[in-house]
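The values are calculated or read from the model by the stated rules, or taken from the named source; none is laboratory data. Predicted model, so just to flag it, every value in this text is computed and none were measured. Cβ placement follows ideal geometry from the backbone for every residue including glycine, while neighbour counts extend to all protein chains displayed.
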Amino acid sequence: MEERPKLRTIDIVPVQFDGRPHLLLRDPLQLTDKMLLVSAQASLLLALLDGTRTLREIQVDLMRLTGELLMSEQIESLVNQLDECLLLENERFKTALVKAIAEYRESPFRPSSLEGSVYPSDPSSLRAMLDSFFEPPKGPGRPGVQKYSQPLKAIVAPHIDLLRGGSTYAWAYKELAEAPPANLFVILGIAHYPMENLFSATTKDFVTPLGRARTDVNFIEALNNRCGFDLLADEFVHRYEHSVELQVVWLQHLFGEVKIAPIICAGFEHLVGLGESPMSLAQVREFTESLQATLAEWDEPITVVASVDLSHLGLRFGDRQLVTTSILRWLESEDRLFLEKVADGDGDGMFSLIHLDHNSRRIDAYPALYVMLKALGEIRGKVLNYDQSVEGRNESVVTFGAVVFP
């Protein structure tokens, strides 16, 4: 038992169980498949597990905050369960993490983490599923004749679950399918787990039910050599990061064997002073300039794929109110303004929109979009689609869109 237990950064999902609100606790790194269901009232206890308090001090603070006495045996029992599920920041977790990192580094490829859950394991079923998203009325129709003479410079597509955002993916990928395919797809995903650096790459190939997507190791190494930090330091985070994998599946479906450069981007708005540019951050500046230079020197056509969602509001994300119709209308208005800045190629204007309100809508898209727009320079695109996925009984909502840059 840890003297001062500390909860890791974990996934906490509000759920209903026996008609009452509960919290589902799970490990985003998937070091274990064990999950823990606790009552919603346990949220205060979880917040006190910050590594600064003993169990006795936690008990005292709970008494002070709630006026109720929770028996020490109950607190100890919950802490033990958290430990069993590797949800505490301790030696047990660190040992499991070191083992998992070693196994990933020894693996010849990055295996699928979503097949059998987010999408079918059977290739035919997966292809049928992806094809269905093109169908009207929500989809754009099946890809037709070639309408572009060159590969697209970039596309913006969601990374939400396929069943919730599949038609929006299809709006972006229809345009990609109606252009000559690039020789290399640089995929900019979003980190859903804390990293040492703001950007991370992997040299692993990606394997899905549709085959093996080859990672261009030369591109990754050229990019890494230009950066002032190690792009591979957080490589293990790619093992279960879904934002890159979902784009790989679409690319394989459309083009068969593809070559990719997988990169994950972390959030940085909290590091930027009001009125300052993200380029004032050394890592943002170094990575953006390195990506720009590497793209410019490459002697084959490249398309950048930004794998991003937009706003995240509601109970699941820590808000205290349900998502109303008026909130959804407001979200759409704000999100569309954001997407127009993206389509205009205005990275600084896009960033200022979320920075001025401290990213109150929890837009996860901006890190990948900012570096993409800055690295590609003078580009103009068009917004093709926008959608919202409301969860449960208006408990939460995630929004997303499709943008293409010819």
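Here is how the numbers come out for the structure above:
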| read-out | value |
| --- | --- |
| Helices (runs of 4 or more DSSP H) lying entirely in the range 201-301 (those with 3 or more residues that are touching a Pro at 6+ places or on another chain (Cβ under 9 Å)) | 242-255, 282-297 |
| Residue tally, condition of a type outside the set (A, V, I, L, M), buried (at least 17 other Cβ atoms within 10 Å of the Cβ) and either closer than 20 Å to R320 by Cβ or touching a Gly at 6+ places or on another chain (Cβ under 6 Å) (or both), over the range 12-54 | 2 |
| Residue in the range 77-88 that is of a type in the set (A, V, I, L, M) and either over 26 Å from the mean Cα position of the chain (by Cα) or over 30 Å from H238 (Cβ atoms) (or both) present | yes |
| Among (1) within 25 Å of the chain's Cα centre (by Cα); (2) modelled with pLDDT under 85 - the single one E2 does not satisfy | (1) |
| Whichever residue in the range 112-150 is polar (S, T, N, Q) and in contact with a Phe, Trp or Tyr (Cβ under 9 Å, 6 or more places away or on another chain) and, among such residues, is surrounded by the most Cβ atoms within 10 Å (Cβ to Cβ) | S112 |
| Matching entry among E289, E269 (being of a type in the set (D, E), surrounded by fewer than 22 Cβ atoms within 10 Å (Cβ to Cβ) and in contact with a helix residue (DSSP H, G or I) (Cβ under 7 Å, 6 or more places away or on another chain)) | E269 |
| Scan of the range 376-406 for residues that are basic (K, R) and part of a strand (DSSP E or B), ordered by number | K382 |
| Residue count, the range 1-48 (criterion: over 18 Å from Q59 (Cα atoms) and not in a strand (DSSP E or B)) | 14 |
| Filter result (more than 22 Å from I101 (Cα to Cα), surrounded by fewer than 24 Cβ atoms within 10 Å (Cβ to Cβ) and not polar (S, T, N, Q)) within the range 180-202 | P180, P181, A182, L184 |
